[in-house]
Number of protein chains: 2
Amino acid sequence: VALDEFELIRRYFGTSELGFPVDGVVKGIGDDAAILAIGVDEQLLISMDLLQEGVHFPAACDPLLLGRRALLVNISDLAAMGASPLCFTLGLSLPHADPDWLQAFSEGLADVAMAHACPLVGGDTSRGPLAISIQVHGTIPSGEALMRSGATVGDDIYVTGTLGDAAAALKFILAGESVPDVLLNAYYEPESRIRAGIALRGLASAAIDVSDGLLADLGHILDASGVGARVHLDRLPLSPAFCDAVAVHQQVELAVSGGDDYELCFTAPPDCADRIHDALGRLDVGFCRIGEIVSGNSILWLDAQQQQVRLTARAYSHFRND
Amino acid sequence: VALDEFELIRRYFGTSELGFPVDGVVKGIGDDAAILAIGVDEQLLISMDLLQEGVHFPAACDPLLLGRRALLVNISDLAAMGASPLCFTLGLSLPHADPDWLQAFSEGLADVAMAHACPLVGGDTSRGPLAISIQVHGTIPSGEALMRSGATVGDDIYVTGTLGDAAAALKFILAGESVPDVLLNAYYEPESRIRAGIALRGLASAAIDVSDGLLADLGHILDASGVGARVHLDRLPLSPAFCDAVAVHQQVELAVSGGDDYELCFTAPPDCADRIHDALGRLDVGFCRIGEIVSGNSILWLDAQQQQVRLTARAYSHFRND
């Protein structure tokens, strides 16, 4: 029986034999990053992502863009916690050592590393199928990390930017079709939401980055917070390029289930709305209020007439369909 | 042209565009672990290892033993710095989700995690060829980390335990031959040298764990310290099981070039000899003085008559022979 990826993690690695409490570890498994206490005033956040050729990115993709994307998607986990990047490590498995590929890949990493003042501090290489494992480290004033578990009934639900652009790009890439530049950029060079995450400290009650799709990632907030949600499908932020390229009847499904957006999905009490508007407006970060936290444990999808809609979309999972 | 693994790392990832200095990062690439400043009194050490089926461990190996070994070899990097384990993260790529395999593998991890009070705090899973990427985090009082770069001319060179046992086991495993239990244990369950590393704080001038073989790893100390070494081959510590199982004419080559020992190789001034004897003796950790640091940049191998010996052994490298 194929297992859902998240179920897999929970069942075998979420045990008290492995994830037991120790001094210095504030938060272990279960959020975008683990939290370690460093000194009195600051906490260290660590987050790891594994990217596999053919699973997380297309075979034979441009190594410069791949390097940028590999680090950006990891930094996105720090953004979702409201943290500042500190440094990263790299585990790189390669079928062979191609100097041109390595040169371009390391340049891509360096672009993002320098833009975020987040240097490489160590790692390991091995011969094997192309796979990239990056761990980022970030810092935050003690107790200010934006957790998945803080959403409460009555909170508004927001997303930054637009949804579905990267999923649309990937769809065209895999079909061998041409891809509009705007969508391709969204896939290979997602905007870093680090500054937005920092601006949301003290305002957002919960946050996550949309890596596996809104359906899955908002679901993680609901699970961790023990609440449900109402989402208004007519308020989903869709880009003009997305609306041009994707057939109307496929738009909602793709925007809701497609991964790789790396926008922030966050919740906040209604009385924070003005301050959120100011904080994100100052950074010129677009955002939309798409729904509300309600009691329950699932997502109600509503159309413009407030009628409930049944989606056929399912959360993306690496293990579900094998 | 096939590149040496270490040359590969240096050439593409040792650039100032990637490994630039930032506040909070005391030591980046180039030692067993990176060092981050945490608060005033303590430093955080992080180290990542990538283990690939067929490269770092045999295909179809026992998942319980694999889990233990995967974490132990990472903790060995902390031992080589004199650090105390804090926590670890896991990146796991799997061809399919086999519950029995996962159960046994996570039990193996948990055995070592609990023995070292070093919990799992996060990670990622993916479908793909079996590969394990583990990052360990440890702490040390500020400035006390044992670096590769501290060896000076006149220092003695030591190794803990015995050399070559794991390499002999791997040789028999790969040849499909039966393996004496003592050697098999050395391969799958290397002794943790954490307590030895902590005991050597303030005594050892440089240290490394022997993961790629004495030839390669002592070489890293010499490179980082800008010195050479004389090693007395008749003083290499060989176990009775190793001497029984390996033909006499192959023993030195295997002990010197074979990886996976995870013993500590360290240097110390001669006037520390008594205190080292006391510190390691209290822990019941065997050790041998095998040579001296000299000026130069290479290793002179000497026989019992102090005559120079030419070894045909070469440092193990994942990339050299492909």
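The values are calculated or read from the model by the stated rules, or taken from the named source; none is laboratory data. Predicted, not measured: the structure shown is a model, and the values here were computed from it. So basically every Cβ, Gly included, is an ideal-geometry build from the backbone, and we count neighbours across all protein chains shown. Protein only, heavy atoms only, side chains kept; ligands, DNA and RNA dropped before computing areas. Shrake-Rupley method; radii C 1.70, N 1.55, O 1.52, S 1.80 Å.
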Hey, how many Å between the Cα centroid of the range A:288-308 and the Cα centroid of the range A:86-130? 41 Å
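Contour minus end-to-end for residue A:275 and residue A:303, with contour as 0.36 nm per residue of separation and end-to-end as the Cα-Cα distance? It would help to have the intermediate numbers written out before the result.
Numbers: separation 28, 0.36 × 28 = 10.08 nm, distance 2.80 nm.
That pair, residue A:275 and residue A:303, stretches by 7.3 nm at full extension.
With every protein chain left in place, what is the accessible area per residue of the range B:152-225 in square angstrom, probe 1.4 Å?
Numbers: 2510 Å² over 74 residues.
Normalised by residue count, the accessible surface of the range B:152-225 is 34 Å².
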Can you list the copy-to-copy distances for residue B:248, using a point 7 angstrom from Cα toward Cβ, in nanometres, shortest first? 9.0
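Rounded to the nearest 20 Debye, what is the dipole magnitude of chain B about its Cα centre when Lys and Arg each give +1 and Asp and Glu each give -1 at the C-beta? Don't jump to the answer; show the numbers that get you there.
Working: 19 positive and 43 negative charges, 89 e Å.
Value, rounded to 20: 420 debye.
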For chain B, what does the helix formula give at 222 nm: sum of -39500 (n - 2.57) over DSSP H segments with n ≥ 4, over the residue count, nearest 500 deg cm²/dmol? -9000 deg cm²/dmol
If you average the alpha carbon positions of the range B:183-236 and of the range B:242-272, how far apart do those two centres end up, in angstrom? 9 Å
Take peptide A:102-111, look around each residue's Cβ out to 10 angstrom, count Cβ atoms belonging to other protein chains, and average those counts. 4
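Would you mind telling me the share, in percent, of accessible area of the protein assembly as shown contributed by carbon and sulfur at probe 1.4 angstrom?
Percent of accessible area from carbon and sulfur atoms in the protein assembly as shown: 50.
How high is the relative contact order of chain A, given as a whole-number percent (alpha carbon pairs under 8 Å, six or more residues apart)?
Working: 695 pairs, mean separation 72.1, N = 322.
Rounded, it is 22 percent for chain A.
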Which Rg and Dmax, in Å, describe the Cα atoms of the protein assembly as shown? 25.9, 94
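Under the definition of Cα pairs under 8 Å and six or more residues apart, what whole-number percent is the relative contact order of the range A:219-322?
Numbers: 94 pairs, mean separation 54.9, N = 104.
Result for the range A:219-322 is 53 percent.
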Per residue of B:131-141, other chain Cβ atoms within 10 Å number on average 5
Which whole-number percent gives the relative contact order of the range B:21-163, counting Cα pairs below 8 Å spaced six or more residues apart? 33 percent
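Shielding by partners for A:84-91, please: the mean number of other protein chain Cβ atoms within 10 Å of each residue's Cβ.
Numbers: counts 0, 1, 5, 9, 2, 9, 6, 10.
Counting Cβ atoms of other protein chains within 10 Å of each residue's Cβ and averaging gives 5.
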Which residue, A:239, A:47, A:126, has the most motion in a Gaussian network model of chain A that connects Cα atoms within less than 10 Å? A:126
The range A:182-248, dipole about Cα centre (Lys/Arg Cβ +1, Asp/Glu Cβ -1), debye to the nearest 20: 300 debye
In this structure, the FRET efficiency calculated for residue A:294 and residue A:55 from their beta-carbon separation, with R0 = 35 Å, to the nearest 0.05, is 0.50
Hey, can you grab everything whose amide H is under 5 Å from the amide H of residue B:126? Only 5+ residues off in sequence or another chain; H modelled, so Pro and N-termini drop out. B:92, B:93, B:94
Spin-label point model (7 Å from Cα, Cβ direction): what's the residue B:175 to residue B:249 distance in nm? 1.4 nm
